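The values are calculated or read from the model by the stated rules, or taken from the named source; none is laboratory data. Since this is a predicted model, take the numbers as computed values, not measurements. Ideal geometry is used to build each Cβ from the backbone, glycine not excepted, and the neighbour counts take in all protein chains shown. To get the accessible areas, we keep the full protein, side chains included, count just its heavy atoms, and leave off ligands, DNA and RNA. Shrake-Rupley method; radii C 1.70, N 1.55, O 1.52, S 1.80 Å.
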Amino acid sequence: MSESKLVDSLNRLSVNNGSTVASGRQQLLRLAVSNQMHANNNSSTSADALRERQERHYSLSSDGNNNSSKPLRNFHLGMFEIGKPLGKGKFGRVYLAKEKKTGYVVALKTLHKEELVHSKVERQVRREIEIQSNLRHKNILRLFGHFHDEKRIFLILEFAGRGELYKHLRRQQRFSEELSAKYIFQMAQALAYLHKKHVIHRDIKPENILLGIDGEIKLSDFGWSVHAPSNRRTTLCGTLDYLPPEMVEGKEHGAKVDLWSLGVLTYEFLVGAPPFEDISGHSATYRRIAKVDLKFPSFISAEAKDLISRLLQHSPEKRLSLDQVMRHPWILKHKNNWDRPGVDPQ
Ligand SMILES: Nc1ncnc2c1ncn2[C@@H]1O[C@H](COP(=O)(O)OP(=O)(O)OP(=O)(O)O)[C@@H](O)[C@H]1O
């Protein structure tokens, strides 16, 4: 199908054609709820059906062998009813879509091959697909499968009903200590799962986190992630504000980079801006990171300061472990209040 025909079909099939932004959001939440009800009513859920189909037809192995992730002619565009665009990525749009057979709602991400080649990121995308499709955790966005046509690659992703966490943060400016603690605990659980599978994410930031229908964290964007054996990793990647000293200084790095970024994330949730941001430019930010030039506004609690300072340690070995994060007094202090109405952003 050509791009214009696809857009045409989008307009005709739009799940939410012509409605206002507010009612659009409600509509999306309803769809996510319908996914959940679907799941509750069937012993074998639609998500399971999608996954089973994927697993039967994609013999993915974790050995990093590229041939193993070649899509067979299983999924194709005709299997989906395409709905409204959910957002725009660097290499194409993301659409709401429904698998016709099961009625299961997913997010379909399109990547234009030509643009991937032009930006020299084909290997990165292949790695993202290989890594993400092997992950199963409630706080990690599922990649059910992928397929391609002549011009585009399509990723079949779990639909995150409450959208980007970044947007909620910008709208609220900063999160309460309760909500921040809840998110950081869920992030620590997701990272513990990844690290156990020897995967380092390396690009943790609010823009790469989505929220599920119950307001739960869905870590996404595995474009910079790597399988972490014992070899050196010195590629400079990630967003400046979240880079740990060892990467700024071009040294080898391991899973502890994600612990540093978790510290930056905790700070940004509570303060509304990352800790080493410097408007005078990149080299000033680099210098502040290398010096761990950390300052707290007065409204941050002593427990939160303690956790952040123990994560933002220059030396990777000195950073807290994920287990220690999950058992930290700041987390324990707020744990009982997480299910209280009014904690989650609306
Ligand atoms: N699974 C999803 N569920 C709901 N909305 C999504 C989903 N995936 C993406 N979106 C929406 O689409 C937007 C763009 O998608 P995405 O974040 O993947 O693009 P991107 O930031 O350019 O990522 P990449 O760097 O991988 O290209 C997001 O900001 C989000 O609003």
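Out of the residues in the stretch 209-222 that are within 7 Å of the ligand (Cβ to nearest atom) and crowded, with 19+ Cβ neighbours inside 10 Å, which is farthest from Glu164 (Cα to Cα)? Don't jump to the end; show me each part of the working.
So the first thing to find is which residues in the stretch 209-222 are within 7 Å of the ligand (Cβ to nearest atom), and the list is 210, 220-221.
The next check asks that each one be crowded, with 19+ Cβ neighbours inside 10 Å; those that pass are 210, 220.
Numbers: Leu210: 4, Ser220: 10 Å.
In this case the residue turns out to be Ser220.
Examine the stretch 192-201 for a residue that is within 20 Å of Leu307 (Cα to Cα), among the aliphatic types (A, V, I, L, M) and modelled with pLDDT of 95 or more, and state whether such a residue exists. Checking the stretch 192-201: at least one residue is within 20 Å of Leu307 (Cα to Cα), among the aliphatic types (A, V, I, L, M) and modelled with pLDDT of 95 or more.
If we scan the stretch 276-292, do we find a residue that is out of contact with any helix residue (DSSP H, G or I) (no Cβ under 6 Å at 6 or more places or on another chain) and either closer than 22 Å to Tyr183 by Cβ or touching a residue at least 60 places away in the same chain (Cβ under 8 Å) (or both)? No, the stretch 276-292 contains no residue that is out of contact with any helix residue (DSSP H, G or I) (no Cβ under 6 Å at 6 or more places or on another chain) and either closer than 22 Å to Tyr183 by Cβ or touching a residue at least 60 places away in the same chain (Cβ under 8 Å) (or both).
Just for the stretch 168-198: of the residues that are within 16 Å of the ligand (Cβ to nearest atom) and buried (at least 19 other Cβ atoms within 10 Å of the Cβ), which one is farthest from Leu262 (Cα to Cα)? Checking each candidate, the answer is His168.
Only residues that are modelled with pLDDT under 95 and within 10 Å of the ligand (Cβ to nearest atom): list them for the stretch 97-110, please. Result: no residue meets the conditions.
When Gln313 is tested against (1) open to solvent by less than 30 Å² (accessible area, probe 1.4 Å); (2) at pLDDT 95 or above, exactly one condition is not met: (1). Taking into account only those residues within the stretch 140-163 that are in contact with a Leu (Cβ under 6 Å, 6 or more places away or on another chain) and more than 17 Å from Val105 (Cβ to Cβ), which is least open to solvent (accessible area, probe 1.4 Å)? Among those that are in contact with a Leu (Cβ under 6 Å, 6 or more places away or on another chain) and more than 17 Å from Val105 (Cβ to Cβ), it is Ile140.
Can you tell me which residue in the stretch 142-167 is farthest from the ligand (Cβ to nearest atom), limited to those that are within 17 Å of Ile129 (Cβ to Cβ) and of a type in the set (Phe, Trp, Tyr)? Don't jump to the end; show me each part of the working.
In the first step, residues of the stretch 142-167 are kept if they are within 17 Å of Ile129 (Cβ to Cβ); the result is 142-149, 152-158.
Then drop every residue that is not of a type in the set (Phe, Trp, Tyr), which leaves 144, 147, 154.
Working: Phe144: 11, Phe147: 17, Phe154: 12 Å.
Checked the stretch 142-167; the qualifying residue farthest from the ligand (Cβ to nearest atom) is Phe147.
Restricting the first member to the stretch 113-136 and to residues that are in contact (Cβ under 8 Å) with a residue 40 or more places away in the chain and open to solvent by less than 60 Å² (accessible area, probe 1.4 Å), and the second to residues that are of a type in the set (Lys, Arg) and not in a loop (DSSP other than H, G, I, E, B), the beta-carbon pairs closer than 9 Å and six or more apart or on different chains are Lys113/Arg152. For Val257, the conditions (1) at pLDDT below 95; (2) open to solvent by 10 Å² or more (accessible area, probe 1.4 Å); (3) of a type outside the set (D, E, K, R) all hold with the exception of (2). Scanning the stretch 77-123 for residues being in a strand (DSSP E or B) and among the hydrophobic types (A, V, I, L, M, F, W, C) gives a total of 11. Restricting the stretch 291-310 to residues that are of a type in the set (Gly, Ala, Ser) and out of contact with any Asp or Glu (no Cβ under 8 Å at 6 or more places or on another chain), the residue that is surrounded by the most Cβ atoms within 10 Å (Cβ to Cβ) is Ser309.
Only one of the numbered conditions (1) touching a His at 6+ places or on another chain (Cβ under 9 Å); (2) part of a helix (DSSP H, G or I) is violated by Tyr286, and that is (1).
Close contacts from the stretch 84-103, counting a first residue that is farther than 18 Å from Gly161 by Cα and a second that is among the aromatic types (Phe, Trp, Tyr) and more than 9 Å from the ligand (Cβ to nearest atom), with Cβ to Cβ under 7 Å and a gap of 6+ residues or different chains, come to Lys100/Phe80.
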